[in-house]
Each structure stands twice: as structure tokens, then as C-alpha cells.
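This report refers to the structure that appears directly beneath it.
The values are calculated or read from the model by the stated rules, or taken from the named source; none is laboratory data. In this text the structure is predicted, and so the values were computed from the model without any measurement. Cβ: placed from backbone, ideal geometry, glycine included. Neighbour counts: every protein chain shown.
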Amino acid sequence: MESAGSVDLFATKGVEYLLVLGFLPVLVLFWRLLNERRPSPARGVVTPSSWFRFDDARFHHQGHSWAMPEGGGVVRIGIDDFAQKLVGIPSSIDLPPVGTRLEQAETGWRMRVDNESIDLLSPVDGEVVDVNESVCRSPELVNRDPYGEGWLMKVRVPGWESNAGNLLSGAVARTWMEEATAALRARMATSVGPVLQDGGVPVTGIAKSLSEDEWSEIAREFLLTRSRRLSVSRGRPVVPSSS
């Protein structure tokens, strides 16, 4: 027989279990509400590292240009965030006129930054059908919004499937960008010098911090192209002859 002052431990534990079970749905509901209020990242844009923004909805050329089909055989192209941070704010962008025929992996346009002229490679074969006049007037758009307002031109690409086979997309493109970022980190640690902002993010226009020889190596390695030093004649830059 139980005494009047005794406590039924099993009954007490049972109440505790019921309280815990009753609290779990409340905890789950609170967690869902908390996550719903978090801002979602922009669709298609991921960040493989803290250095460069990357759009995994686009097709990427290994020279750091991108292509985005728009329907009707027309493809919009531009440069990625990696390229614009390397090159910096251009003084001008020389886009080919409408009607020009582009070849994949050949020079598609030229960017001028201070006394440097940088050739960049087209991600596709085709005929230029439109150019972004806003970028021609305000070249810094490629720095502010390389995947949006900073697009460069539209190209009619009859053989898109074969072109796309030479480009990177999805998880493969993300891995490539991560590897390119790691390679740039390694190079900067040994030879590039102090080109990081506070917080370890690279300055826009890494090229400005490099010697001519270092920048030429960077352009060949990451942009798969060349950078040419411009001479100055009567205050105007002149591309030296290749001969």
C-alpha cells in the first residue's frame, strides 16, 4: 500500500513524455516559419566561393564568356564575373557590328582597360544580330551586372547543339569555376601580389596590380587569349602591329 506522501514516478514520466510530444509540432512549425522568412538566392546564381558570382543557368566557355539561348536560334552572350574582376572597369568595349560572323573559341570582341587591350573569345559560332548599345555607352555595366544588363550581343546560332557540346553547364560548370578560383588563389599567393580587399575578396581589376608579363600569363591561363600593351600617339591608344 502506498503512503499518502509517495509519488508515482511512472505517472510523472508519462506526463513529461506527453509534454515533449506536444511541443515537437510547435517546434517544427516555428522552424518552417523561420526558414520561409529567409531571403532566397537569385534563381540560377550560385557562389562557389566568396570571390566570384556564378550563374549555373548559363552555358560557359572556358575563356570565361557565357551563352544563353533565347529561342528562335538566337543566343545571348556576355562575360562572367570572373572575367570582369580580372579585367576591371573597361574604358571601352569594341563589339563587332551586326552581320559579323563569329567563330567559337576565336576572338569575339575586345576590351580596353587603361593601356591594355584584351581580346575575349566567343562562346559560339554564328552571326551577330544585335549588340548591347548600353554597354558601348557605359562599359562599366559589365562590372555591375555581367549576367544581366551587362550582356554584350545576340548571335544567331544555327548549330546550337554542336556549340553547346563544347560548353560547360550545371554541376560540371560549377566544378570548373571552383577549380579556376583555386588556381587563381594559388597564383595570387605566390606571384600576383597584394590584390585583395579587406575580407579576402579580390579587387576588381586584378590586371592593374600586375606587371605586363604577369598579366600576359594570367590572360593566357584563364581567358585563353592575349593581352596587348597599347602605345600612345597624340594622346590616343594605338594597338601595335603584330608583325
Suppose we filter the stretch 57-84 for residues that are surrounded by 18 or more Cβ atoms within 10 Å (Cβ to Cβ) and either of a type in the set (Gly, Ala, Ser) or at pLDDT below 90 (or both); how many remain?
5
If you check Arg144 against the conditions, is it surrounded by fewer than 22 Cβ atoms within 10 Å (Cβ to Cβ) and either under 15 Å from Lys85 (Cα atoms) or aromatic (Phe, Trp, Tyr) (or both)?
yes
Given (1) surrounded by fewer than 16 Cβ atoms within 10 Å (Cβ to Cβ); (2) out of contact with any helix residue (DSSP H, G or I) (no Cβ under 8 Å at 6 or more places or on another chain); (3) farther than 24 Å from Glu217 by Cα, Glu149 misses just (2)
Tally of residues being within 20 Å of Asp55 (Cα to Cα) and either in contact with a helix residue (DSSP H, G or I) (Cβ under 7 Å, 6 or more places away or on another chain) or of a type outside the set (Asp, Glu) (or both) across the stretch 78-104:
9
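Being touching a residue at least 24 places away in the same chain (Cβ under 8 Å) and either among the aromatic types (Phe, Trp, Tyr) or touching a Lys or Arg at 6+ places or on another chain (Cβ under 8 Å) (or both) narrows it down to one of Gly63, Gly88, Gly78, so name that one. Show your work before the answer.
Working: Gly63 fails: either among the aromatic types (Phe, Trp, Tyr) or touching a Lys or Arg at 6+ places or on another chain (Cβ under 8 Å) (or both); Gly78 fails: either among the aromatic types (Phe, Trp, Tyr) or touching a Lys or Arg at 6+ places or on another chain (Cβ under 8 Å) (or both).
Answer to the check: Gly88.
With the condition kept exactly as written, say whether any residue in the stretch 162-174 is charged (D, E, K, R) and within 21 Å of Gly205 (Cα to Cα). Steps first, answer last, please.
Step one: filter the stretch 162-174 for residues charged (D, E, K, R), giving 174.
Now narrow it down to the ones that are within 21 Å of Gly205 (Cα to Cα): none.
No: zero hits.
Filter the stretch 155-188 for residues that are farther than 24 Å from Arg220 by Cβ and under 19 Å from the mean Cα position of the chain (by Cα) and give the result.
So in the stretch 155-188, the residues farther than 24 Å from Arg220 by Cβ come out as 155-162, 164-165, 169-171.
Listed by number, the residues that qualify are Ala164, Ser169, Gly170, Ala171.
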Return only the number of the condition from (1) more than 16 Å from the chain's Cα centre (by Cα); (2) closer than 20 Å to Ser134 by Cα; (3) among the aliphatic types (A, V, I, L, M) that Ala83 does not satisfy.
(1)
Residues located in the stretch 105-124, provided they are of a type outside the set (Ser, Thr, Tyr), over 19 Å from Ile206 (Cα atoms) and surrounded by fewer than 20 Cβ atoms within 10 Å (Cβ to Cβ)
Ala105, Glu106
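Across the stretch 126-165, what is the total count of residues that are part of a strand (DSSP E or B) and free of Cβ contacts under 8 Å to residues at least 12 places away in the same chain? Let's see the steps before the verdict.
Of the stretch 126-165, the ones part of a strand (DSSP E or B) are 126-131, 153-156.
When the remaining residues are screened for being free of Cβ contacts under 8 Å to residues at least 12 places away in the same chain, the result is none.
Result for the stretch 126-165: 0.
Say we look at the stretch 166-179 and pick out the residues that are in a helix (DSSP H, G or I) and touching an Asp or Glu at 6+ places or on another chain (Cβ under 9 Å); which of these is farthest from Leu120 (Cα to Cα)? Reasoning before the result, please.
Filtering the stretch 166-179 down to residues in a helix (DSSP H, G or I) leaves 170-179.
Filter again for touching an Asp or Glu at 6+ places or on another chain (Cβ under 9 Å), leaving 170-171, 173-174, 177.
Values: Gly170: 23, Ala171: 24, Ala173: 19, Arg174: 21, Met177: 17 Å.
So the residue we want is Ala171.
Going through Gly150, Gly170, Gly165 one at a time, which residue ends up being out of contact with any Lys or Arg (no Cβ under 6 Å at 6 or more places or on another chain) and under 24 Å from Gly88 (Cα atoms)? Don't jump to the end; show me each part of the working.
Values: Gly170 fails: under 24 Å from Gly88 (Cα atoms); Gly165 fails: under 24 Å from Gly88 (Cα atoms).
Being out of contact with any Lys or Arg (no Cβ under 6 Å at 6 or more places or on another chain) and under 24 Å from Gly88 (Cα atoms) holds for just one of Gly150, Gly170, Gly165, which is Gly150.
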Would you confirm, using the coordinates I've provided, whether Val113 is in contact with a Pro (Cβ under 7 Å, 6 or more places away or on another chain) and of a type in the set (Val, Ile, Thr)?
yes
